[in-house]
Amino acid sequence: MYPGQQPGPYGQQQPTGPYGQQQPTKPYGQPPQYQQPYPQQPYAPQQPYPPQGYPQQPYPPQQPYPPQQPYPPQPSPQPPAQHVGEGRMRLDPNLTPAQRDLVLKIQAKSKPMAYGMVLGIPLAFGGVHYGITEKPLGFVAALAGLGLLAFGVFSLMQMQALKRQLRLITADAWRSPAAHLPGARKAATQAAYLNGLLVLLSLAATGYLLYKGAGWGAYGNSLGFGALMLGAALPFGMAVAAATTIPQLLQVIPAGAKVGRSLYSVIFVLATTVTGEGIKGGSVGPVVGGGLTLLICGGAMSLLGKSAKRMRGETP
């Protein structure tokens, strides 16, 4: 043994160094209980499937699928037939169920209101004219006309009550959340002036009809007088409706601008008719007056639409 060399674990000299050969060492001893091999147990023979005693059943042959029958073409559903006078306005799809219910009730009340007004006004005024100029029997017709007119006014009051309920759940019927902004207040003031102009135009149209009635001979017979009063009632009612929107607009309520825009559209249609008749007849007056009215109504409707958006706080 060289100096400094440590003996191996079994007292044998372990050569070291680059030229030394490593001697194999004996493995560490194992306990006796791990040196005995495990006994080999033979595997049980595998039973065939299915188990004995159960004969194997073959699968039944697969039946072919029956040929698929094509479905006959279904006819497209047809809309329900409508009679004259049963048409309804198309409702806004953005309405809530409560708003839709109120709108349908308002539409249901509009028909008796229209019947009462359209039949009651000419019968009442024509009956009074006939009773004064011809026979007292006309006063009986006037009473019937007053009854129809009262029925129409009552239906109109019910419509107004339903509209007030609708305003309670409509955003445009309340004061705008942007009412504190200078742009919204300026737009509301502009819309109020435009609706004031609408009042003047409607009253002017009422006076124009009453003036032209003399040339048409409407004051000379009861039927013509009743028809003239019915025609003059339309612009007069528009003047009253436009006047009621001015206080709303001064409170920055966008609904007033929408109502004014709808009323201007009625005058726009009437002005289009007058202009067309003037062009056909070659009359300069109706063409100039109708064309000027078209320009005023078209500009007013555009400005009212922009004012309504500004009052809502939107960018027009």
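Quick look at the numbers
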| quantity | calculated |
| --- | --- |
| Coarse-grained scattering of the range 176-316 at q = 0.09, 0.13, 0.18 Å⁻¹, given as base-10 log I(q)/I(0) from a Debye sum over alpha-carbon atoms | -0.33, -0.62, -0.96 |
| Relative contact order (%) - criterion: Cα under 8 Å, at least six apart; region: the range 216-293 | 16 percent |
| Principal axis dimensions, the range 96-169 - Cα atoms, whole angstrom, descending | 55, 15, 11 |
| Pair Y211, S283: separation of 7 Å Cα→Cβ label points (nm) | 1.3 nm |
| Estimated vicinal HN-Hα couplings, Hz - the range 116-130 in sequence order (Karplus 6.51, -1.76, 1.60; Gly, Pro = x) | x, 6, 5, 8, x, 5, x, 5, 5, 6, x, x, 5, 5, 5 |
| Contact order normalised by residue count of the range 96-169, Cα under 8 Å, 6+ apart, percent | 41 percent |
| Largest-first ellipsoid semi-axes for the range 108-261, taking √(5λ) over the Cα gyration tensor eigenvalues, angstrom | 38, 20, 8 |
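Values quoted throughout were computed directly from the atomic coordinates according to the rules given, and no laboratory measurement underlies them. This is a predicted model, so every value here is computed, not measured. Note: ideal-geometry Cβ built from the backbone for every residue, glycine included; neighbour counts use all protein chains shown.
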